[in-house]
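The values are calculated or read from the model by the stated rules, or taken from the named source; none is laboratory data. Bear in mind the structure is a predicted one, so any value in this text is a computation, not a measurement. Don't worry about glycine lacking a Cβ; one is built from the backbone with ideal geometry, like all the others, and counts go over all protein chains shown. Ligands, DNA and RNA are excluded from the accessible area calculation, which covers all protein heavy atoms including side chains. Shrake-Rupley method; radii C 1.70, N 1.55, O 1.52, S 1.80 Å.
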Amino acid sequence: ATTEGTYKSTDAGATWTLMHPVIMAMDLRVHPTNSGTVLVGCGDLGSTGRGIYRTTDGGATWAQITSGGIPTTFQGKMQFGVTPADPDIVYASIGNGFDYPGTGTNATWLFRSTDFGATWNLRNTTDYSLWQGWYSHDVAVHPNDAETIVCVGIDVWKSTDGGATLVQESNYTQSFKGNLAPGGPEGTAEYTHADHHDVIY
């Protein structure tokens, strides 16, 4: 998945062929037991063709998935989360804005699929990516429990019911001010530095 589209290699990366020309392919997931089924999330900064695309024939043909309330006007990027606990369950974190809070344009959508992206359901609209929906947010799924996920953006959020509810676990504003002792904490126990780009188990 690249900013110029989705490419495929059949010789361990020696050569590549453009299989899907929609630009700003921000994340890609291959079904763990059927490598011909692939999801790609396209779009960022209002690029054309943004959305979720799916192939079941190794990239020869692609279908844009528009059901389930997937937004069509989002301005940010999309990140996927999958788990060995159930290979057909996929979460999609979709971010919107570049604007700062109070402008009314920020948004984050958390979707879930139980058939590896053929259909989707909106699970949550807690705005965890805020003004970084174009740049830094992600979702990860527990390897042994498909109902437990961690979403990150400006702060860290957790769900134990498949994304239906999200509980804030960090607070980026709780940093200590002034000089810090070498090796000492940068803030209180709930502090993490703002803008989380990636989360993994």
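If the condition is being in contact with a Phe, Trp or Tyr (Cβ under 9 Å, 6 or more places away or on another chain), assigned to a loop (DSSP other than H, G, I, E, B) and either among the aromatic types (Phe, Trp, Tyr) or modelled with pLDDT under 95 (or both), then the stretch 84-99 contributes Pro87, Asn96, Gly97, Phe98, Asp99.
The set of residues in the stretch 3-29 that are out of contact with any Gly (no Cβ under 8 Å at 6 or more places or on another chain), closer than 18 Å to Gly49 by Cβ and open to solvent by less than 50 Å² (accessible area, probe 1.4 Å) contains only Gly5. Take the conditions (1) more than 15 Å from Val40 (Cα to Cα); (2) surrounded by fewer than 23 Cβ atoms within 10 Å (Cβ to Cβ); (3) polar (S, T, N, Q); Ser129 misses just one of them, which is (2).
Within the set Gln79, Gln75, Gln64, the sole residue that is of a type outside the set (A, V, I, L, M), open to solvent by 10 Å² or more (accessible area, probe 1.4 Å) and touching a residue at least 60 places away in the same chain (Cβ under 8 Å) turns out to be Gln79. Scan (1) open to solvent by 20 Å² or more (accessible area, probe 1.4 Å); (2) closer than 25 Å to Gly153 by Cα; (3) charged (D, E, K, R) for the single condition Asp44 breaks and write down its number. So the condition that Asp44 fails would be (1).
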